[in-house]
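What follows is a single structure, written as structure tokens, with notes after it.
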Amino acid sequence: MRTFESIGIASLGLKIPSFFLDLKDFAQLRGTDPNKYTIGLSCHEMALCLDQHTVVDLALGAARRALMRWKGGLDQIGFLAIGTESALDMSAPLTKWVARELKISGALRSYEVKHACLGGTLALRQAYEWRCSPASKGKAALVIAVDDTLYEASSPGEPTQGAGAVAMIVDKPLIAEIDPCSHSWSYPADDFWRPIGEPYPHVNGPLSLECYNQGALACFQDCCDYTKQTLGGFLETIKGMSFHTPFPKMVQKALGALCDKSEISKGSADKAKNLFLEKVAPYLTWNQKIGNSMTASLWFSVAQNLCGRQIGEQISAFSYGSGCGAELQLLTAGPEARAAAWAEDLQDDFSQRTQLSGQDYDHFRRLNEVLKDGTSKTGLSKDEQKLRQAS
Ligand code: HMG
């Protein structure tokens with residue numbers, strides 16, 4: 001049997017946009033009870049890219065931070081992959097813009113990965129499998145998960161918008177070792193999709209919740225079958241769990257479904273609640289301030305989950321992408337998890353970002369409508385149209 005070299009996340013870099021909207025202000029703008037968002041969906045703030053920020057800026061910001069903390073040089077990167085559903089072009093990969101700015105070229109595999117929110121995780125798995133193979137010639141991989149999520153104004157998905165990027169260097173397992181075996185699941189579903197040329201996704205909300213839960217049940221069960229333990233035993237022993245987070249209440253519901261399927265919930269509903277509070281909720285607070293950053297959302301939670309961990313502590317990372325597919329990955333904390341150098345990225349970004357009012361956001365939305373479809377049907381004033389032409 002082939003033995004695998006120990007490979008994992010050697011460096012991490014995080015980046016969020018410099019604007020955000022409080023969900024209470026958003027609720028006032030849309031005439032909704034704020035509790036629907038802050039309690040019903042458990043979302044607090046959404047990070048927003050305004051026109052001067054693009055997914056390339058976010059990806060570059062995260063990549064530069066990961067590279068700055070890594071001891072290797074750019075000539076030691078042999079693989080660059082970006083998982084995203086915010087592509088700039090139908091042919092050219094987003095990596096073209098990022099590699100140009102980073103000045104990475106030459107003996108390099110550079111491409112974009114698309115599978116809704118699962119793209120970042122698939123890019124990470126591909127990087128891991130490449131790094132373990134002779135094709136890597138001992139070089140490292142740079143993986144970036146990045147998205148800028150906007151739903152149609154006043155649609156049910158709008159309160160879950162968000163944006164951000166997580167960059168990971170796959171090499172020695174200094175921060176976390178990636179388990180060689182991951183647990184995948186997929187079937188064709190029309191739960192969330194964005195037709196070519198359309199600015200916003202179409203969503204079948206109830207179906208998407210069902211698909212997410214089914215994916216979680218299937219992946220966790222596969223992992224338990226493979227590691228020969230019960231689902232209840234797995235949930236009791238794992239140190240922390242991160243999930244793709246379209247909105248934090250979704251994660252609580254998925255954990256509830258896992259507990260119901262295991263022996264955990266039997267006798268006491270409090271057990272599932274306590275498990276959530278102890279092993280999941282502490283790693284959702286960054287997501288509550290960022291919103292759904294799609295491919296990056298799981299990896300923000302993983303980055304928070306790894307902060308301060310002792311060497312050898314194991315955590316799980318569940319990824320879901322509409323369409324639909326899911327993957328469960330186990331990660332084991334390495335020697336640099338304890339110091340959690342990457343946490344300062346978000347401390348800086350959170351403290352420096354600018355809060356938008358509901359009116360600012362509304363203005364931005366209307367400007368964005370025109371930028372996307374080039375018409376004035378959203379009722380922009382002449383000045384606003386001039387601004388659009390100048391940008
Ligand atoms: P909705 O239908 O407007 O909301 O949108 P709702 O009526 O279902 O209410 C939401 C919750 O708030 C409910 O809680 C209400 O009871 C509660 P629940 O019963 O479900 O526990 N609520 C209140 N609570 C307190 N005070 C109040 C109040 N009012 C209501 N006053 C929906 C919800 C999820 C459909 C919408 O946000 C949406 O369409 N989101 C986008 C789709 C999505 O995020 N799906 C998640 C799984 S799919 C996924 O993760 C993939 C994705 O990331 C895309 C990709 O892969 O690329 C989306």
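What follows is calculated from the coordinates using simple rules that are stated; it is not laboratory data. Since this is a predicted model, take the numbers as computed values, not measurements. FYI the Cβ positions are ideal-geometry reconstructions off the backbone, even for glycines, and counts take in every protein chain you see.
Considering every pair of different Cα atoms, what Kirkwood radius, in Å, is found for the range 233-380? Write down the numbers at each step before the final one.
Numbers: mean 1/r = 0.0569 Å⁻¹.
Computed over Cα pairs of the range 233-380, the Kirkwood hydrodynamic radius comes out at 17.6 Å.
The distance separating the Cα centre of the range 176-200 from that of the range 71-121 comes to 18 Å. Using a Gaussian network model of the chain whose springs link C-alpha atoms within less than 10 Å, name the residue from ALA218, ALA337, ALA269 with the highest mean-square fluctuation. Its mean-square fluctuation being the largest, the pick is ALA269. Values of log10 I(q)/I(0) for the chain across q = 0.07, 0.08, 0.09 Å⁻¹ run -0.30, -0.40, -0.50, by the Debye formula with one identical scatterer at each alpha carbon and no solvent. For the range 249-333, the extents of the C-alpha atoms along the principal axes are 36, 36, 24 Å, listed from largest to smallest. Ellipsoid fit via the Cα gyration tensor, the range 106-183: semi-axes of 30, 13, 11 Å, each the root of five times an eigenvalue, largest first.
Comparing GLY205, GLY323, GLY78 in a Gaussian network model of the chain, where Cα atoms under 10 Å apart are tied by springs, the biggest mean-square fluctuation is seen for GLY205.
Arrange the following residues from fewest to most other Cβ atoms within 10 Å of their Cβ: HIS363, HIS183.
Ranking HIS363, HIS183 by Cβ neighbours within 10 Å, fewest first, gives HIS363, HIS183.
Each principal axis of the Cα atoms in the range 1-62 has its own extent, and those three values, largest first, are 60, 32, 14 angstrom.
Give, to the nearest whole percent, the P(r) tail of the range 301-355 beyond 16 angstrom, counting all Cα pairs. Provide the component values of the computation, followed by the final result.
On the way: 807 of 1485 pairs.
Summing the P(r) of the range 301-355 above 16 Å gives 54 percent of all pairs.
Taking a Cβ cut-off of under 10 Å around ALA140, the surrounding Lys, Arg, Asp and Glu residues balance to a net charge of +2, with basic ones at +1 and acidic ones at -1.
Taking all pairs of distinct Cα atoms, average 1/r, flip it, and tell me the Kirkwood hydrodynamic radius of the range 110-261 in Å to one decimal place. Walk me through the numbers on the way to the answer.
Working: mean 1/r = 0.0565 Å⁻¹.
Computed over Cα pairs of the range 110-261, the Kirkwood hydrodynamic radius comes out at 17.7 Å.
Counted by Cβ distance under 11 Å from ILE311, the other residues give a net charge of -1, where Lys and Arg count +1 and Asp and Glu count -1. Structure remark: mean-square fluctuation, Gaussian network model of the chain, C-alpha springs under 10 Å; the largest value among LYS103, LYS261, LYS239 belongs to LYS103. Neighbours of TRP193, meaning other residues whose beta-carbon lies under 13 angstrom from its beta-carbon, give a summed charge of -2 when Lys and Arg score +1 and Asp and Glu score -1. A viscosity of 1.306 mPa s and a temperature of 10 °C, combined with the Kirkwood radius over Cα pairs in Stokes-Einstein, give a translational diffusion coefficient for the range 178-287 of 103 µm²/s. The listed peptides 190-198, 284-292, ordered by packing as a protection proxy, come out as 284-292, 190-198 (highest mean of other Cβ atoms within 10 Å first).
Ranked highest first by average number of other Cβ atoms within 10 Å, how do 156-164, 251-259, 33-41 line up? Show your work: numbers first, answer last.
Values: 156-164: 23.2, 251-259: 21.4, 33-41: 15.3.
In descending order of packing, they fall as 156-164, 251-259, 33-41.
Volume per residue of the convex hull around the Cα atoms, evaluated for the range 43-144, comes out as 126 Å³. Between the range 250-284 and the range 285-310, what is the separation of their alpha carbon centroids in Å? The distance from the Cα centre of the range 250-284 to that of the range 285-310 comes to 19 Å. Structure note, pairs LYS139/LYS279; LYS96/LYS139; LYS71/LYS114; LYS239/LYS261; LYS239/LYS273: Cα-Cα distances above 24 angstrom occur for LYS139/LYS279; LYS71/LYS114.
Computed FRET efficiency, Cβ-Cβ of LYS137 and CYS181, R0 25 Å: what is it to the nearest 0.05? Show your work: numbers first, answer last.
On the way: r = 24 Å, r/R0 = 0.97.
Calculated transfer efficiency: 0.55.
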